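Comments concern the structure below.
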Amino acid sequence: MKDSDKKYYALTFVCKDRYGIVADVSKVLYDNGFNLEDSSSTLLRGFFSMILIVSSSNNYSEDDISAMFSDLEDISISVRSMNGSDATFANGNSYIVSVYGSDKPGIVHSVAEYLRDKNINIIDLQTKVAGKEKKPIYIMVLEILVPENYREEEWVPELKEISENMGTDIHIRQIETYEF
Amino acid sequence: MAVREIVIYPDERLKEHCKEVPVLSEEVKKIVQDLVDTMDASSHSVGIAAPQIGELYRVIAIDASKNKKCENHHGKLVLINPEVVKWEGIMQFREGCMSVPDYTGNVNRARKVMVQYQDENFNDKVIETEDFEAVVLQHEIDHLDGILFVDRIISKRTDLFRRKKYR
């Protein structure tokens with residue numbers, strides 16, 4: 001199959017956690033001739049959540065694909081067809097940013113808005129509420145791609161100031177990847 | 001002098017246990033030369049192991065000086081029959097591999113290692129090194145036992161959250 005003949009679809013599944021969710025979903029994909037191109041799945045607060053990019057040589061409608069999963073009644077699904085693989089190779093320097101502190105509204109939003117204004121791309125984001133019920137701690141870990149021409153002085157101090165104004169702690173470290 | 005082609009996974013030679021080098025034969029000298037030539041030919045290669053050029057012997061070459069951010073290193077080294085004899089500390093590193101193109105992952109490595117080996121003249125040597133160069137050494141020595149960094153990945157994502165049971 002040539003790459004240009006492939007059709008790509010983005011599928012998401014959310015299901016109250018139980019045994020066999022991955023087995024059930026992947027069986028339908030396998031039986032219908034889909035390839036799993038890229039995926040990320042994790043357990044979020046008792047709900048198993050899957051995001052899959054799949055490909056097929058057939059041109060399905062979004063409804064066709066949803067219907068293939070109609071037997072899996074406890075799983076919510078959404079389907080979106082994509083143009084090409086929409087695969088882009090991002091450039092920039094990777095940083096891991098951890099922001100954490102007592103839980104309050106707007107932590108993710110404040111950080112994300114600053115990053116958007118700076119054209120810094122978020123490529124991975126995880127948040128959790130941890131700690132005791134009466135004293136919850138909010139933890140956010142981001143991986144971002146900073147354009148190569150940015151010096152750290154141009155964004156690190158401002159991001160730290162945003163965190164300070166929210167009363168949260170922040171840690172920023174560069175992730176270097178080496179090919180051996 | 002020969003720059004060799006890099007063996008790419010799923011070539012099964014990358015999953016083999018490599019043989020000890022008993023003596024510095026002409027064959028081994030040639031492998032050493034080819035390893036160094038192949039590493040030098042790639043602008044970003046800071047280390048290479050013999051199975052990556054298809055030779056199943058315990059030989060690696062490293063050159064941490066090619067990483068401009070690496071300040072403490074021993075320059076270009078050939079290590080025959082290398083063995084980690086002591087290690088301490090743990091650090092996380094995001095690694096990729098010439099033999100597993102277009103994929104990277106987070107791997108835990110010892111922060112500091114002591115490695116016993118024979119150099120290119122078959123003299124017994126020991127080096128102690130840390131951080132970047134220690135990671136390169138561990139990655140390359142793993143190749144001699146058929147271990148790829150993919151075997152050691154902790155998490156593709158940032159591995160920070162302790163998994164919590166909600167049920």
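Scanning the range A:5-37 for residues that are open to solvent by 50 Å² or more (accessible area, probe 1.4 Å) and among the basic types (Lys, Arg) yields A:7, A:16, A:18, A:27.
In the list B:146, B:105, B:96, B:89, which residue meets the criterion of being in a strand (DSSP E or B), modelled with pLDDT of 95 or more and either surrounded by 14 or more Cβ atoms within 10 Å (Cβ to Cβ) or touching a strand residue (DSSP E or B) at 6+ places or on another chain (Cβ under 6 Å) (or both)? Break it down into steps so the answer makes sense when it comes.
Numbers: B:146 fails: in a strand (DSSP E or B); B:105 fails: modelled with pLDDT of 95 or more; B:96 fails: modelled with pLDDT of 95 or more.
Testing whether each residue is in a strand (DSSP E or B), modelled with pLDDT of 95 or more and either surrounded by 14 or more Cβ atoms within 10 Å (Cβ to Cβ) or touching a strand residue (DSSP E or B) at 6+ places or on another chain (Cβ under 6 Å) (or both) leaves just B:89.
Test residue A:106 against the stated conditions and say whether it is open to solvent by less than 30 Å² (accessible area, probe 1.4 Å) and away from chain B (no Cβ under 14 Å). Steps first, answer last, please.
Working: open to solvent by less than 30 Å² (accessible area, probe 1.4 Å): no; away from chain B (no Cβ under 14 Å): yes.
Criteria not met by residue A:106.
Of all residues in the range A:127-144, those satisfying the criterion of being in contact with a Ser or Thr (Cβ under 9 Å, 6 or more places away or on another chain) and surrounded by fewer than 16 Cβ atoms within 10 Å (Cβ to Cβ) are A:131, A:135, A:136, A:137.
Taking the range A:130-146 as the range and being at pLDDT below 95 and either part of a loop (DSSP other than H, G, I, E, B) or more than 14 Å from every other protein chain (Cβ to nearest Cβ) (or both) as the test, the residues that pass are A:132, A:133, A:134, A:135.
Of the set (1) part of a helix (DSSP H, G or I); (2) of a type in the set (D, E, K, R); (3) more than 14 Å from chain A (Cβ to nearest Cβ), all apply to residue B:133 but (3).
Of all residues in the range A:166-179, none are over 30 Å from residue A:32 (Cβ atoms), open to solvent by 50 Å² or more (accessible area, probe 1.4 Å), part of a helix (DSSP H, G or I) and at pLDDT 95 or above.
Considering only the range A:15-50, how many residues are part of a strand (DSSP E or B) and within 14 Å of chain B (Cβ to nearest Cβ)?
Within the range A:15-50, the subset part of a strand (DSSP E or B) is A:15-16, A:35-44, A:47-50.
Still in the list and also within 14 Å of chain B (Cβ to nearest Cβ): A:15-16, A:37-44, A:47-49.
Matching residues across the range A:15-50 total 13.
For the range B:43-64, the candidate set comprises residues that are more than 10 Å from chain A (Cβ to nearest Cβ) and part of a loop (DSSP other than H, G, I, E, B); within that set, the residue that is most open to solvent (accessible area, probe 1.4 Å) is B:43.
The values are calculated or read from the model by the stated rules, or taken from the named source; none is laboratory data. Fair warning: this is a prediction, and the values are worked out from it, not measured in the lab. Note that each Cβ is placed from the backbone with ideal geometry, even for glycine, and that neighbours are counted across all protein chains shown. Quick note on the areas: whole protein, heavy atoms, side chains included, nothing else; ligands and nucleic acids left out. Shrake-Rupley method; radii C 1.70, N 1.55, O 1.52, S 1.80 Å.
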